[in-house]
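Student: Quick one: the structure is below, and I'll ask about it shortly.
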Amino acid sequence: MTDEEFWALIRSLGGVADERTVARLCGELGDRAAAFQQRLDEMVRALDGSRFLGLPVGDVSDPPGVEPLPLTGTALENLLLAVVAAGPDVYGSVRAEPAVVKTRRWSFSEADRLGRVFERIVGPPGWCRPLVFGSTGHWLSYADAVHEIATALDARDDWRSWWAAAGRERLELVIELTDDDGGTVRTGGRIVRADFRFPLQRLLHRPPGVAARLAAEDVTRIMRAVTAKLRLPAPPATPWPANAEPEDPRSADRAARLKELRRKHR
């Protein structure tokens with residue numbers, strides 16, 4: 001799908017993504033749903049959500065006089081979708097200068113509907129739903145690899161059986177590439193959310209094959225944490241992306257040493 005086609009469809013929203021406008025968009029998409037979703041995801045990734053973290057941004061549904069809350073989590077994800085929905089001119093200005101989002105109130109409380117147009121048309125996606133973001137463009141190959149792994153997990157019988165034992169609807173796998181290393185697994189309700197942070201420095205000036213290998217190793221680590229939190233059987237082997245370098249034995253050794261150090265310092 002070309003930029004011209006994509007933005008023509010976005011303009012049909014009238015600048016706002018809500019239940020009514022997204023329903024109208026879905027009616028126009030037809031067999032272009034997959035191509036539109038791909039372009040939408042690319043546009044959201046290009047905004048680089050880490051640049052908006054903590055910015056105070058208000059929603060039009062906020063009560064009068066309420067101070068805008070700093071952007072984080074779902075609100076941040078929805079705001080990025082609302083920026084796309086506002087059209088190419090607004091999108092371009094916000095992408096160039098993130099602070100522009102503070103100059104107006106947005107209608108982003110229902111913008112998540114825009115991010116699910118493909119699901120709405122073709123049915124729900126698989127049980128493993130990844131979200132990857134970082135502070136520079138160096139993480140894009142890594143993100144592609146994580147999405148490839150998630151697609152493979154959804155397709156494999158052994159992984160579907162493993163997840164079925166959890167008795168939950170889906171796993172939201174959120175990875176932020178930053179200076180930190182660690183994460184948590186939250187299990188409230190029907191959705192399990194794994195929020196992890198991994199060092200971005202590992203990806204700087206590295207080829208896609210290395211990024212894909214690191215993505216597979218990180219997903220393996222997350223799945224082990226999910227296994228422990230939910231007391232599940234040992235997970236199957238992680239599907240390796242097609243372009244990934246072979247597993248580095250030193251990575252497993254480092255992980256084992258780190259685990260031992262943490263155990264000693266409890």
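Student: Evaluate the range 122-138: report whether one residue or more is in the same structural domain as Arg206 (by TED's automatic domain parsing), in contact (Cβ under 8 Å) with a residue 60 or more places away in the chain and surrounded by 18 or more Cβ atoms within 10 Å (Cβ to Cβ).
Tutor: The answer is yes, given that some residue of the range 122-138 is in the same structural domain as Arg206 (by TED's automatic domain parsing), in contact (Cβ under 8 Å) with a residue 60 or more places away in the chain and surrounded by 18 or more Cβ atoms within 10 Å (Cβ to Cβ).
Student: Looking only at the range 44-59, decide whether some residue is closer than 17 Å to Gly115 by Cα and polar (S, T, N, Q).
Tutor: No; the residues of the range 44-59 include none that is closer than 17 Å to Gly115 by Cα and polar (S, T, N, Q).
Student: Hey, among Glu5, Glu97, Glu67, which residue is among the acidic types (Asp, Glu), out of contact with any helix residue (DSSP H, G or I) (no Cβ under 9 Å at 6 or more places or on another chain) and at pLDDT 90 or above?
Tutor: Answer to the selection: Glu97.
Student: Kindly evaluate Ala34 against the criterion of being over 23 Å from Gly134 (Cα atoms), assigned to a helix (DSSP H, G or I) and either out of contact with any Pro (no Cβ under 6 Å at 6 or more places or on another chain) or of a type outside the set (Ser, Thr, Tyr) (or both).
Tutor: yes
Student: What about Ala46, is it in contact (Cβ under 8 Å) with a residue 40 or more places away in the chain, over 18 Å from Ser107 (Cα atoms), within 24 Å of the chain's Cα centre (by Cα) and part of a helix (DSSP H, G or I)?
Tutor: When the stated conditions are applied, Ala46 passes them.
Student: Shifting gears a bit: Do we find a residue being surrounded by 15 or more Cβ atoms within 10 Å (Cβ to Cβ) and in contact (Cβ under 8 Å) with a residue 60 or more places away in the chain anywhere in the range 71-82?
Tutor: Yes, because at least one residue in the range 71-82 is surrounded by 15 or more Cβ atoms within 10 Å (Cβ to Cβ) and in contact (Cβ under 8 Å) with a residue 60 or more places away in the chain.
Student: Can you name every residue in the range 1-43 that is of a type in the set (Gly, Ala, Ser), over 19 Å from Glu110 (Cβ atoms) and more than 23 Å from the chain's Cα centre (by Cα)?
Tutor: Hits for the range 1-43 are Ala8, Gly30.
Student: Under 7 Å by Cβ, and 6 or more places apart or on different chains, what pairs join a residue from the range 172-191 that is within 15 Å of Ala228 (Cα to Cα) with one that is among the acidic types (Asp, Glu)?
Tutor: Going by the 7 Å Cβ cut-off, the qualifying pairs are Gly183/Asp195; Thr184/Asp195.
Student: Looking at (1) under 30 Å from Ala164 (Cβ atoms); (2) part of a helix (DSSP H, G or I); (3) in the same structural domain as Leu153 (by TED's automatic domain parsing), which one does Arg113 not meet, given that it meets all the others?
Tutor: Among (1) under 30 Å from Ala164 (Cβ atoms); (2) part of a helix (DSSP H, G or I); (3) in the same structural domain as Leu153 (by TED's automatic domain parsing), the lone unmet condition for Arg113 is (3).
The values are calculated or read from the model by the stated rules, or taken from the named source; none is laboratory data. Since the structure is predicted, the reported quantities are computational estimates derived from the model, not experimental observations. Counting neighbours? That spans all protein chains shown, and the Cβs are built from the backbone with ideal geometry, glycine included.
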